[in-house]
Amino acid sequence: LPETDPYYKHARELAGKLSKLGYVIVTGGGPGIMEAANRGAHEAGGRSVGLNIRLPHEQRQNSFLTDFLDFHYFFSRKVALTFAAEAYLFFPGGFGTLNEFFEIAMLMQTGRLVPVPLILVGSEFWNPLDSFLKKSVGEQHGLADAEALSLYTISDDDDKVIELIKKTPVV
């Protein structure tokens, strides 16, 4: 997404707010929303970390990183991204974003990750998925219970997002 996109602007602003509160912003280190979050943290004077994946053409490292690591394999990058977060924020994205969201939700559901805020920012984008999960996966087919479907929160309200994160005990 270009810097003129509303989701880019929102990610940049929210990351800046979180960075000013002392949180380290960690992304995949690439362009688009990842760049926006890293840029917001960088502009706020905070740590802006990128865990980049080396791909032939698709991914480039953004220029707003204070620290970075390059990975060859997706699975090792994913482990590093999920290891010790105090919260996970997902903005609209493609297959990679959806893959990471579902893996984190599944790891929390199965007790392999300590539950922390799993927040989907961009209700216009996430509400159709939420509806599908609750109606089709949950109600119609019984493949996910209410507890599993309550692992995540959808919000466009930065104050609510920040409060959810601030309430998380540091483990």
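The values are calculated or read from the model by the stated rules, or taken from the named source; none is laboratory data. Quick caveat, the model's predicted, so the values are computed rather than measured. Neighbour counts are summed over all protein chains in view; Cβ atoms, including those assigned to glycine, are modelled from backbone coordinates with ideal geometry. The protein model used for the area step is the full one, side chains on, heavy atoms only, and it has no ligands, DNA or RNA in it. Shrake-Rupley method; radii C 1.70, N 1.55, O 1.52, S 1.80 Å.
Between residue 154 and residues 5 or more places away or on another chain, which pairs have amide H atoms under 5 Å apart, with H built 1.01 Å from N, and which residues are they?
Amide H to amide H, under 5 Å and 5 or more residues apart or across chains, residue 154 pairs with 120.
Probe of 1.4 angstrom, ligands and nucleic acids ignored: what's the accessible area per residue over region 1-147, in square angstrom?
56 Å²
Within the set of other residues whose C-beta is less than 14 Å from the C-beta of residue 133, count the net charge using Lys and Arg as +1 and Asp and Glu as -1.
Local net charge: -2.
Show the residues, 5+ positions off or on another chain, whose built amide H is closer than 5 Å to the amide H of residue 71.
Placed amide hydrogens put 52, 53, 54 under 5 Å from residue 71.
In whole Hz, with x marking every Gly and Pro, tabulate ³J(HN,Hα) for region 104-119 from phi via Karplus 6.51 cos²θ - 1.76 cosθ + 1.60, θ = phi - 60°.
Taking θ as phi minus 60°, the curve returns 5, 4, 5, 5, 5, 4, 8, x, 7, 10, 5, x, 9, x, 10, 10 Hz for region 104-119.
Give the carbon-plus-sulfur fraction of the accessible surface of the chain in %, rounded to a whole number; probe 1.4 Å, heavy atoms of protein chains only.
Ligands and nucleic acids excluded, carbon and sulfur give 57 percent.
Can you work out ³J(HN,Hα) from phi for every residue in region 7-18, in order, using Karplus 6.51 cos²θ - 1.76 cosθ + 1.60 and θ = phi - 60°, giving whole Hz and x for Gly and Pro?
Computed from phi, the couplings for region 7-18 are 5, 4, 4, 5, 4, 4, 5, 5, 4, x, 4, 5 Hz.
Before rounding to the nearest 500, sum -39500 (n - 2.57) across all DSSP H runs of length at least 4 in the chain and divide by the residue total; then give [θ] at 222 nm in deg cm²/dmol.
-12500 deg cm²/dmol, from helical runs alone.
How high is the relative contact order of region 1-126, given as a whole-number percent (alpha carbon pairs under 8 Å, six or more residues apart)?
Normalised by residue count, the contact order of region 1-126 is 19 percent.
Scan around residue 47 for amide H atoms under 5 Å from its own, H built in the peptide plane at 1.01 Å from N, and keep only partners 5 or more places away or cross-chain.
25
If R₀ is 35 angstrom, what is the calculated FRET efficiency for the pair residue 54 and residue 145, using the beta carbon separation as r and rounding to 0.05?
0.35
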